[in-house]
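Q: Below is a structure I'd like to ask you about.
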Amino acid sequence: MSQAVAIQNETFLNLLGELQLEGYTPSLAVQSLLQVESRYIKDLKINVSNVLNNNQHLNRKESVLLALAVALNERSELLKESLTGLARQAGATEAELAEVAACTSLMNTNNIFYRFRHFVKKDVYTAQPAGIKMTIMANPVLGKEFFELLSLVVSSVNGCELCITSHEQSVLQHGASESRVFEAVKLGAVIKGLITVLS
């Protein structure tokens, strides 16, 4: 299937436009969806639009930064570039963008390490200090509450139960509502689904 066929699908074109993905070459998954005019294209467009634009407990900048963290986490070069641009348009500073990258990297480190300790459940591992430097958590540019929310979303995508539980409690202690947590984690899930199809 050529890119010309993708352009014929208005819903998919609108999704690409919203994400500012110019010159996108359809993946095999997208080609298969477009070939049969799958109803999922409409679902995907609505889900992505909703999580990026229609949140009650996250503003536009927060939504795009959370989406960017998932794109970084999932190594989606395509979305990293477009979401970085959208984040800048929403008012994100270079320091905030750098902190999203740092937080995502740190959570990947922690998720692997703490998942291992949680799964194995041996005192010989749990009794030792982790020895992982985490000074960026002390005074984050994005604020403690949002840094914890970012950490929670990345940990949810990576499936670390211990980290999810810890960051969910911490983000609530820093003033977030459970509705805000719910929206953030749903956003992470939708963006992960988007990457699965686009890549």
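Q: Kindly indicate whether Leu142 is in a helix (DSSP H, G or I) and either among the acidic types (Asp, Glu) or touching a helix residue (DSSP H, G or I) at 6+ places or on another chain (Cβ under 9 Å) (or both).
A: The answer is no for Leu142.
Q: Condition check: crowded, with 17+ Cβ neighbours inside 10 Å, modelled with pLDDT under 95 and either of a type in the set (Gly, Ala, Ser) or not in a loop (DSSP other than H, G, I, E, B) (or both). Does Phe113 satisfy that?
A: When the stated conditions are applied, Phe113 passes them.
Q: Out of (1) in contact with an Asp or Glu (Cβ under 7 Å, 6 or more places away or on another chain); (2) assigned to a helix (DSSP H, G or I); (3) in contact (Cβ under 8 Å) with a residue 40 or more places away in the chain; (4) within 20 Å of Lys61 (Cα to Cα), what's the single condition that is false for Leu187?
A: (1)
Q: If only one of Thr196, Thr165 is within 15 Å of the chain's Cα centre (by Cα), surrounded by fewer than 18 Cβ atoms within 10 Å (Cβ to Cβ) and more than 19 Å from Lys61 (Cβ to Cβ), which one is it? Let's see the steps before the verdict.
A: Numbers: Thr165 fails: within 15 Å of the chain's Cα centre (by Cα).
Only one candidate qualifies: Thr196.
Q: Hey, another quick one. So, in region 116-138, exactly how many residues are open to solvent by less than 40 Å² (accessible area, probe 1.4 Å) and in contact (Cβ under 8 Å) with a residue 24 or more places away in the chain? Please lay out each step first, then the result.
A: Our first condition is that a residue be open to solvent by less than 40 Å² (accessible area, probe 1.4 Å); within region 116-138, this holds for 117, 130, 137.
Filter once more, keeping what is in contact (Cβ under 8 Å) with a residue 24 or more places away in the chain: 117, 137.
Summing the residues that are open to solvent by less than 40 Å² (accessible area, probe 1.4 Å) and in contact (Cβ under 8 Å) with a residue 24 or more places away in the chain in region 116-138 gives 2.
Q: For residues that are among the aliphatic types (A, V, I, L, M) and modelled with pLDDT of 95 or more, scanning just region 143-164, find the one that is farthest from His174 (Cα to Cα). Full working, then the answer.
A: Here is the first cut: in region 143-164, the residues among the aliphatic types (A, V, I, L, M) are 149-150, 152-154, 157, 162, 164.
This time we only want the ones that are modelled with pLDDT of 95 or more, so: 149-150, 152-154, 157, 164.
Working: Leu149: 10, Leu150: 13, Leu152: 13, Val153: 16, Val154: 18, Val157: 22, Ile164: 15 Å.
Among those that are among the aliphatic types (A, V, I, L, M) and modelled with pLDDT of 95 or more, it is Val157.
Q: What about Ser156, is it under 20 Å from Ala101 (Cβ atoms), assigned to a helix (DSSP H, G or I) and polar (S, T, N, Q)?
A: In short, yes.
The values are calculated or read from the model by the stated rules, or taken from the named source; none is laboratory data. Remember, it's a predicted structure, so these values are computed and weren't measured experimentally. A quick note on method: Cβ atoms are made from the backbone with ideal geometry, for glycine too, and the neighbour counts reach across all protein chains shown. Please note that ligands, DNA and RNA were not included when accessible areas were found on the heavy atoms of the full protein model with its side chains. Shrake-Rupley method; radii C 1.70, N 1.55, O 1.52, S 1.80 Å.
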